[in-house]
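Engineer: Following this message is one structure expressed as structure tokens.
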């Protein structure tokens, strides 16, 4: 188990960091740990604001672990894996605290889903984005609701169908995925520190109620994302997907 999820707490801010040597791709056990860390921080009475980030200075998140995808050989295994991303999205959705996302580099597939699920997401100019699932024969079914909610149907349509082309961080900001885009990681980190500290001065009750209002209309997502995980769980068993993953893994 090479991937890790750690939480640090300082001045009422809980910072959750996930890291994996394979471009911060996410195997199932790491997704489970990330979901649990979000739930724990959300229930921590000392925490007012949550920051989620990844380790390293390059890729934010390369999405699903190809090694794990390649090993799936049943519908139950497939659905269980994709439920990992569904559970993380639902944990962020139901978390009573505002979540700030730090995206320092490229985000692919599930990584875009994570970015779309943050309440306020900031990035560097190197944070190009791509929904590559269709090129693998899967489709962005699990992350789709979160991405569409943030960028709108037209932009989601573009990313979902044009699965091999990167969109720039500037494009992501224009579409509403990123609220701020900075030239450097240092500028990103400085502003996140400033912004999170300012939020800690706000009314916890007001922030909690605002979060509920912002996520209004998503109450059915527990059922919806379960259904979407089932779709992906079936597709990942196809000969097309197995061959696509084999080519990528070399």
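Each reported figure results from applying straightforward, stated rules to the coordinates on display, with no laboratory input. As the structure is a computational prediction, the values presented were derived from the model and not from experiment. Note that each Cβ is placed from the backbone with ideal geometry, even for glycine, and that neighbours are counted across all protein chains shown.
Engineer: Can you give the relative contact order of the chain as a percent, counting alpha carbon pairs under 8 Å and 6+ residues apart?
Structural biologist: Relative contact order of the chain: 21 percent.
Engineer: Count the DSSP beta bridges whose two residues both fall in the chain, then state the antiparallel fraction as a percent rounded to the nearest 5.
Structural biologist: In the chain, DSSP labels about 30 percent of beta bridges as antiparallel.
Engineer: What nm value, rounded to one decimal, do you get for the distance between residue 240 and residue 164 when each label is placed 7 Å out toward the C-beta?
Structural biologist: 1.4 nm
Engineer: For the chain, what does the equivalent ellipsoid look like in terms of its semi-axes, each the square root of 5 times an eigenvalue of the Cα gyration tensor, given largest first in whole Å?
Structural biologist: Taking √(5λ) for each eigenvalue gives 28, 19, 17 Å, largest first.
Engineer: What's the ranking of 9-21, 56-68, 113-125 by average number of surrounding C-beta atoms within 10 Å, highest first?
Structural biologist: Taking the mean over residues of other Cβ atoms within 10 Å, the ranking is 113-125, 56-68, 9-21.
Engineer: Hey, another quick one. Can you give me the angle between helix 239-249 and the longest principal axis of the chain, using Cα atoms only, in degrees from 0 to 90, rounded to the nearest 10?
Structural biologist: Value to nearest ten degrees: 60.
Engineer: May I pose another question? Quick check on the exposure proxy: order 180, 2 from fewest to most C-beta atoms within 10 angstrom.
Structural biologist: Final ranking by Cβ density, sparse to dense: 2, 180.
Engineer: If eta is 1.306 mPa s and T is 10 °C, what Stokes-Einstein diffusion coefficient results for the range 33-74, Kirkwood Rh from Cα pairs, in µm²/s?
Structural biologist: D = 120 µm²/s.
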